[in-house]
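The structure appears right after this line, and notes come after that.
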Amino acid sequence: MALIVQKFGGTSVGTVERIQHVAEHALAAQAQGHQIIVVVSAMSGETNRLVQLATQINPIPYSREYDMLIASGEQIAVGLVSLAINTLAEKKGLIKAGESRSRPLLGHQIGIRTDSVFSKARIEGIDTRLLRDELALGHIPVVAGFQGVDIENNITTLGRGGSDTSAVAIAAAIQADDCEIYTDVDGIYTTDPRMYAGARKISRISYDEMMELASLGAKVLQIRSVELAAKHGVPLHVRSSFSPVEGTRVVSREQLGDHLEKVVVSGVTSDASQVKFTLRGIQDRKGLLADIFGSLSKNAIDVDIIVQDVASNGNLSLSFTVSHTDALKAKKVLESLTPRDLSTVEILEEPGLVKISIVGVGMQNHPGVATKMFSLLSEAGISIKLVTTSEIKISCLIEGTHAKAAVATLHQGFELDRTE
Ligand code: ASP
Ligand code: MG
């Protein structure tokens, strides 16, 4: 008997029929002798709808209200999924009318405690007692993903895609044997199949690579969920809720063995959500960069690529990118910086950029990967605006209109195309 956390994403609970399918799936796994905890996202499109409502009232909504609002999609989903499980269990004769086989639970009910950083809250602890009690009764707890509660009893949310992180955190806290992430694709691909038709499913990948892919815009898993899984050694299995085929296992590098080291590049990603800011004509002084980036981070704005340049007159020029969802906030922060530093500074905003990246643990042992990437892009007539690298990835910022072409040329160039 195994203890399995099954997380179902928005499309997997997107309609009543699909919710009934989830119920079927969870009960079938339980019938095989496993203990099952279900974690769900909001029905697809629901969170976006809620975000829309809020931003119609205020483009930068008050954060407490915003989190309260956007957490509500998951409440609908757990209500429906648990209802479907109980209804089906009764139909199958597993329970009598009025009894239950499942229990719907919100984040605060099972003590998913977080910090108070609204919309990007981090889980600080989970009280597993209620979950264990429910499991002991033979129930399938159905838990709302994406949400928690802070020390002041405010509802918080974990960032878009945060139900993955809820699932992994629950799996870690309760020491589950497996954490299955059910989604609308059948695994992790070498690139987004909608961007490039030659994409291939990866059967096993390391946490490190998955973290890079997730942080680079592969939308299948929230990055924090992978970080957390790596930290606690939670085995992840990303798979489709519509088909029984094996998905992608995300495991440690040790578990992968050394065959992966032979693969130089495991995946190509494109992140379409970049806005580049350039500040020109800054007079340098001690601590200036720390002040600028300190103000941005105080406002919970994640800065990505940073490039600093000294012009011939000695003034500084600074470029950096943020996600388009933070662009408006970032601009306000920049404009509010002390006039002494920025009064004569030009703030240029360049939207519509895409960050294209290649990822692979193998590139640590293979020199010349960056050079190859630059020449592939240049042969395709694509110019590069900014570059950044880490041990296992290289990213280039390019014009958004070239995204598809760039993915295709890199996918082919690094021999990731289908082999069959
Ligand atoms: N419903 C939330 C979102 O759309 C969380 C999730 O789907 O994981 O971001
Ligand atoms: Mg998701």
* Asked: Tilt of helix 369-379 relative to the longest C-alpha principal axis of the chain, in degrees (0 to 90, nearest 10)?
  -> 70 degrees
* Structure fact -> For Lys7, the lysines lying under 21 Å Cα to Cα, once residues fewer than eight places off in the same chain are dropped, come out as Lys120, Lys201, Lys219, Lys231
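Provide Met363, Met1 ordered by accessible surface of protein heavy atoms (probe 1.4 Å), highest first. It would help to have the intermediate numbers written out before the result.
On the way: Met363 20, Met1 170 Å².
Most to least solvent-accessible, the answer reads Met1, Met363.
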* Asked: Between Rg and the Kirkwood Rh of segment 22-167, both from Cα atoms, what is the Rg to Rh ratio?
  -> 1.02
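As an exercise, use a Förster radius of 25 Å and the Cβ-Cβ distance of Gln412 and Thr388 to find the FRET efficiency, rounded to the nearest 0.05.
Working: r = 23 Å, r/R0 = 0.92.
In this case the efficiency is close to 0.60.
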* So how long is each side of segment 307-385 along the principal axes, counting just the alpha-carbon atoms, biggest first, in Å? -> 47, 34, 27
* Asked: Given labels modelled 7 Å from the Cα in the Cβ direction, how far is it in nm from Lys231 to Ile347?
  -> 3.3 nm
* To do: Among Ala176, Ala199, Ala97, determine the one that fluctuates most according to a GNM of the chain built with springs between C-alpha atoms less than 10 Å apart.
  => Ala97
* Asked: Which angle between 0 and 90 degrees, to the nearest 10, do you get for helix 403-413 versus the longest principal axis of the chain when only C-alpha atoms count?
  -> 80 degrees
* How many Lys pairs in segment 326-420 lie less than 25 angstrom apart by Cα atoms, where the lysines are 8 or more positions apart or on different chains? -> 16
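Can you tell me the order of 228-236, 376-384 when each peptide is scored by its average per-residue count of other Cβ atoms within 10 angstrom, highest first?
228-236, 376-384
Of all accessible surface on segment 282-367 at a 1.4 Å probe, what whole percent is carbon and sulfur? Numbers along the way, then the final one.
Details: 2310 of 4590 Å².
Carbon-and-sulfur percentage of accessible area, whole number: 50.
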* To do: Note down the accessible area of Thr128, probe 1.4 Å, to the nearest 10 Å².
  => 20 Å²
* To do: Enter the angle in degrees (range 0 to 90, nearest 10) between the Cα long axis of helix 16-31 and the first principal axis of the Cα atoms of the chain, meaning the one along which they spread out most.
  => 70 degrees
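Send over a whole-number figure in Å² for the accessible area per residue of segment 116-212, probe 1.4 Å.
On the way: 3710 Å² over 97 residues.
Per-residue accessible area for segment 116-212 comes out at 38 Å².
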* Structure fact -> For the pair Glu152 and Gln175, the simple spin-label estimate (label points 7 Å beyond Cα toward Cβ) gives in nm 3.7 nm
* Structure fact -> For Ser44 the rounded accessible area (nearest 10 Å², probe 1.4 Å, non-protein molecules ignored) is 70 Å²
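For a distance above 17 Å, tell me the whole-number percent of Cα pairs in segment 169-236 that qualify. Working shown, then result.
On the way: 961 of 2278 pairs.
Of all Cα-Cα distances in segment 169-236, 42 percent exceed 17 Å.
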* To do: Could you tell me the accessible area of Asp309 in Å² (1.4 Å probe, neighbours in place), rounded to the nearest ten?
  => 90 Å²
* To do: Would you please state the base-10 log of I(q)/I(0) at q = 0.10, 0.11, 0.12, 0.13 1/Å for the chain, with intensities from the Debye formula using one equal scatterer on every alpha carbon?
  => -0.75, -0.89, -1.04, -1.18
* Using only the Cα atoms of segment 1-71, each taken as one equal point scatterer with no solvent, compute I(q) by the Debye sum, divide by I(0), and report log10 of the ratio at q = 0.14 Å⁻¹. => -0.57
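The values are calculated or read from the model by the stated rules, or taken from the named source; none is laboratory data. Values in this document were obtained by computation on a predicted structure and should not be read as measured data. Using ideal geometry, Cβ is built from the backbone for each residue, glycine included, and neighbour counts are taken over all protein chains shown. To get the accessible areas, we keep the full protein, side chains included, count just its heavy atoms, and leave off ligands, DNA and RNA. Shrake-Rupley method; radii C 1.70, N 1.55, O 1.52, S 1.80 Å.
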